[in-house]
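One structure is given below, encoded as structure tokens.
The values are calculated or read from the model by the stated rules, or taken from the named source; none is laboratory data. Just so it is clear, the structure is predicted and the values come from calculations on it, not from any experiment. Using ideal geometry, Cβ is built from the backbone for each residue, glycine included, and neighbour counts are taken over all protein chains shown. Accessible surface areas use protein heavy atoms only, side chains included; no ligands, DNA or RNA. Shrake-Rupley method; radii C 1.70, N 1.55, O 1.52, S 1.80 Å.
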Amino acid sequence: MIKFDFNTYVKPFLDEKKYNELYSKKDEYINKLNSYDMIGWKNEIDKNIITDIEKTASYIKTNFELLVVIGIGGSYLGSFSFHKIFQKYFNDESFEVIYTGTTLSSKYLDELYDYLKDKNYCINVISKSGNTLETNITYKLLKDLLKRKYSEEEIKKRIIITTDKEKGNLRKEANDEGYKSFEIPNDIGGRYSFITPAHLLPLALNYNIKDIVDSYYDGKRFIDKAYEYAVIRKLLFDNKKIVENFCVYEESLIYFTEWLKQLFGETEGKNGVGILPISMLHTRDLHSLGQFVQEGNKIMFETFIKVKNSSHFIEYNKENLHTINNIVEDSVMKAHFMGNTPCIEIELDDLNINNISELIYFFMLSASFSGLLFKVNPFNQEGVEVYKKEIRESLNK
Ligand code: PA5
């Protein structure tokens, strides 16, 4: 169960008339959103794709020790952050998935080589464009590593490509070499691609993806809340609250805030507008940035993702430690509110797969409404292309 508190520590900052005016345009914005062609993420995924993903995951688990996922941005953050939430902090026994392709650090890749050299692994390279520098370099280097050990025939069993149906180098390679491949649909962009093979294949190694998919679509019931969240954020922005700080009290959720930062940052940050998304892990960061939030420049509002219950009971002074964590969270919200920082609360009754999958749909829907409220196209990211082009030109000099 998910509860939204858009009132207690927020409403005093909003002009009621402006709020009612913008909220009353909900149907207009729903229609606007539905007129875009990049909203494939709202449609049901084909059941045959789910079956193919499950079969492939079972093939990987039977034949290999681990999966190396190569991808960046929207081609990795969804499944990476989801897995991080549910992985155990210590002695994790899940099927090993290494996420790479996000760095050009030689130190990191050197150590990765060393780690992989005696392992029996398979690669899933994920890129919608098939044209992303970090992904391409890492893929080439790891494929070369495979070539040192295996024949072409054997390599064919160890590479799975997830990319566009027709376009790009990776699609060409999958077709030419006969590699197993999956498609990222044309009408779904990277950061909206959670319910596509880009994320479902890596997740299928450790989770029942049918549950994830069903719960994700259950998130549709939050359409009003998603619009309301977008309206509140826009009005706060108009009120000079131009930074949104996502606050979490469970360490594993910090990766989810990385996904949120990409989702909102790439969706809204265009034409000189948009809210800057940042995140803090409490209570750790209360002892660093907490000072800024309480008494610094009042440019910020906060969205707290609270987890009400925990299945882990640790007693401290006759109190459950999780209760203490929640008391701290409530107190921090109150203190920040008193310091002139609006605080939105999203409360999950438990940290479980259903809640997180629903929340992913909620945030995607809200981010796309938000892009429309900012009068930008929620589904492009031409700014990301600028640096990619610069790099290509510099490397070709
Ligand atoms: O959300 C997006 O579209 C981007 O963040 C992309 O996912 C990212 O740039 C990686 O692109 P690609 O999947 O084409 O390698």
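Please specify each residue of the stretch 78-94 satisfying the condition of being of a type in the set (A, V, I, L, M, F, W, C) and over 22 Å from K306 (Cβ atoms). Before the answer, list the steps.
First, pick out the residues of the stretch 78-94 that are of a type in the set (A, V, I, L, M, F, W, C): 80, 82, 85-86, 90.
Across the stretch 78-94, the qualifying residues are F80, F90.
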Report whether or not S357 is within 16 Å of the ligand (Cβ to nearest atom), assigned to a helix (DSSP H, G or I), surrounded by 12 or more Cβ atoms within 10 Å (Cβ to Cβ) and among the polar types (S, T, N, Q).
-> no
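Restricting to the stretch 56-71, count the residues that are outside any loop (DSSP other than H, G, I, E, B) and out of contact with any Cys (no Cβ under 6 Å at 6 or more places or on another chain). First the steps, then the outcome.
Initially, the stretch 56-71 is screened for residues outside any loop (DSSP other than H, G, I, E, B), giving 56-63, 66-70.
In the following step, the residues that additionally are out of contact with any Cys (no Cβ under 6 Å at 6 or more places or on another chain) were identified as 56-59, 61-63, 66, 68-70.
Here the count works out to 11.
Determine whether the stretch 252-260 contains at least one residue that is at positive phi and within 22 Å of the chain's Cα centre (by Cα).
Filtering the stretch 252-260 down to residues at positive phi leaves none.
No: zero hits.
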Exclusive hit being buried (at least 18 other Cβ atoms within 10 Å of the Cβ), within 16 Å of the ligand (Cβ to nearest atom) and at pLDDT 95 or above, set L14, L77 = L77
Quick one: would you say G272 is closer than 18 Å to L372 by Cβ and without any contact (Cβ under 8 Å) to a residue 24 or more places away in the chain?
-> yes
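What's the total number of residues in the stretch 228-249 that are among the aliphatic types (A, V, I, L, M), closer than 17 Å to E16 by Cα and open to solvent by 10 Å² or more (accessible area, probe 1.4 Å)? Give the derivation first.
Residues of the stretch 228-249 among the aliphatic types (A, V, I, L, M): 230-232, 235-236, 242-243, 248.
Now restrict to residues that are closer than 17 Å to E16 by Cα: 230-232, 235-236.
Now drop any that are not open to solvent by 10 Å² or more (accessible area, probe 1.4 Å), which leaves 235.
So the answer is 1.
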How many residues of the stretch 182-207 are among the polar types (S, T, N, Q) and open to solvent by 10 Å² or more (accessible area, probe 1.4 Å)? The answer is 2
Check on I85, away from the ligand (no atom under 16 Å from the Cβ) and in contact (Cβ under 8 Å) with a residue 12 or more places away in the chain = yes
When the stretch 88-142 is examined, which residues are found to be polar (S, T, N, Q) and more than 12 Å from the ligand (Cβ to nearest atom)?
-> N91, S94, T100, T103, S105, S106, N120, N124
